[in-house]
Amino acid sequence: MTRFERNYQDPRTQRVLGFLMAKGLLIGDGIPLRGDVKLSIKDVLWVGAKVEPRVLEVLPAALIHFPRTFMGAAQIPEDLAEVIGAIRAREDQGPDFRGMRFRAMSKWANRATSDKRTKPLNKIKVNKTFRMAPDAIAALIGGAEKAGVSQTQFLEQLLLA
């Protein structure tokens, strides 16, 4: 048995790949899907370095969407924390991480996962507060009622039309 085959059969590899495949972040076969595991950051980095480099590409998105799955948040390397911060800030450019391009990593945070409890980062609404004149508020309320939608949806329709 080669080193690669041994590493592929390692329980750490099975847990990490099984989780990422169950969440729709990786595609593969021959690994049982495991959506209900706790993963060590150290183990995930080991799998990314020794077995499957694509793990490093989807790791920031997995940490953003499923933070409670990962144990040892204090063990997140500083360079990975910078990547996650840039992705959360929705920046177009950011640091690369262990051979993975920032753009390749950030696209995964904006893709829908098979776990319907999370939304792609670019679909999460941002809270904004505005002060408006009473006449503008009345027009907003009337327009929303007339259209049969919420005030937020009415504003979004006006802005995006």
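The values are calculated or read from the model by the stated rules, or taken from the named source; none is laboratory data. Because the structure is predicted, anything quoted here is derived from the model rather than measured. When we count neighbours, we look across all protein chains shown, and the Cβ atoms used for this are built from the backbone with ideal geometry, even at glycine. Please note that ligands, DNA and RNA were not included when accessible areas were found on the heavy atoms of the full protein model with its side chains. Shrake-Rupley method; radii C 1.70, N 1.55, O 1.52, S 1.80 Å.
Stretching the chain fully between Asp115 and Gln153 yields a gain of 11.1 nm (0.36 nm per residue, less the alpha carbon separation). Taken per residue, the accessible surface of the chain reaches 65 Å², heavy atoms only and a 1.4 Å probe.
Relative to the Cα centre, the charge distribution of segment 45-122, modelled as +1 at Lys and Arg Cβ and -1 at Asp and Glu Cβ, gives a dipole magnitude of about 420 debye.
Computed extension gain for Glu82 through Ile27, at 0.36 nm per residue and net of the alpha carbon distance, reaches 17.2 nm.
Shown here: semi-axes √(5λ) of the Cα gyration tensor in Å, derived from the displayed model; of the candidates [x] 34, 14, 12; [y] 41, 17, 13; [z] 46, 17, 15, it corresponds to [y]. Computed FRET efficiency, Cβ-Cβ of Thr129 and Ala49, R0 45 Å: what is it to the nearest 0.05? With a Förster radius of 45 Å, E is 0.50.
Tell me the carbon and sulfur percent of the accessible area for segment 45-131, rounded to whole percent, probe radius 1.4 Å. Taking all protein chains in place, segment 45-131 shows 49 percent carbon and sulfur surface.
Calculated from DSSP H runs of 4 or more alone, at -39500 (n - 2.57) each and per residue, what is the 222 nm mean residue ellipticity of the chain, nearest 500? Please report the intermediate quantities before stating the final value.
On the way: 8 runs with 84 residues, N = 161.
The helix-only estimate for the chain comes to -15500 deg cm²/dmol at 222 nm.
Under 5 Å from the amide H of Leu39 lie the amide H atoms of Phe70, Met71, each residue being 5 or more positions distant or on a separate chain, with H modelled from the backbone and absent for Pro and chain starts.
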